[in-house]
């Protein structure tokens, strides 16, 4: 807090020290004074002071121009980073839209409901057929239904495994077929045998065909549709997350675009400031003009020492302005 006023005072003193160079009127007066009283060595010193002052101005301008260019380069680098990041955020991603999963969710959900309804109806049919013949018809029905749907828990299926295909655990194909087809067939035969006297041949065979098909496919349809339903739900969830991520990326990319636009404006402003700085040639021209003014006033004063004051005033040019 104490050093800042002192630094400003030093800068003010330095400006006052060079005021005789900056102001053309004072510079001309300086030339006149030295022309009337000082020698050539003092004049050479003064001229060297003028040259040194403008060398300093050239160096100071170069530092300012370098600082501006450094800031411009930093802005350009940041603008490039923002542009690359915004492009990466807005790049199209290979994602499945959530709408594609909704149809599968409905499809598998309705399929599971239909298969579950078929299983429940089959259990009711079995119970009604066994109830007149057996006292513990409910327990027997549970056993028959479990046996009929047992093959739904197998890891392989005769419908999708050929003789030449590899099976889990290298299980022989005939065992797979026996378990998958034999169990539903035995459960169907058990129910049909007890119901045959009451139903008659035609209705008993129709009941057997229905039970065999439901035992073979309904349970497996439930177990195969449940993981597919889970996969469809996951696809819907991922699609929603992907849509939300895309919206968030779009917002971030828009914010980056606004920041890049502000940086472009700042870059243009810095370039205008750099272009407004005097070039070395301009400073050299100003220096030469100052030297010429100082030398001309000096020479005129030297030459007028033998003339009257009126003649001297007639030959002193009127100047103003500073730099």
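Hey, can you rank 103-116, 241-254 by average C-beta count inside 10 Å, highest first?
Numbers: 103-116: 15.2, 241-254: 13.4.
By packing density, highest mean first, the sequence is 103-116, 241-254.
Along Cα→Cβ, 7 Å out, is where each label goes; now give me the distance between the ones at residue 281 and residue 56 in nm to one decimal.
That separation, rounded to one decimal, is 2.7 nm.
Work out how much length residue 48 to residue 263 would gain on full extension: take 0.36 nm times their residue separation and subtract the Cα-Cα distance, in nm to one decimal.
On the way: separation 215, 0.36 × 215 = 77.40 nm, distance 4.36 nm.
Difference between extended and current length: 73.0 nm.
Fewest Cβ neighbours within 10 Å first, please rank 119, 49 accordingly.
The order, fewest Cβ neighbours first, is 49, 119.
Would you mind getting me the FRET efficiency between residue 248 and residue 199? Use the beta-carbon distance for r and R0 = 41 Å, nearest 0.05.
Efficiency computed from Cβ-Cβ geometry: 0.05.
For residue 22, project a label point 7 Å along Cα to C-beta. Then give me every residue of segment 250-279 with its amide nitrogen under 16 Å of that point.
278
No value in this document is a laboratory result; all are computed from the given coordinates. Predicted, not measured: the structure shown is a model, and the values here were computed from it. Note that each Cβ is placed from the backbone with ideal geometry, even for glycine, and that neighbours are counted across all protein chains shown.
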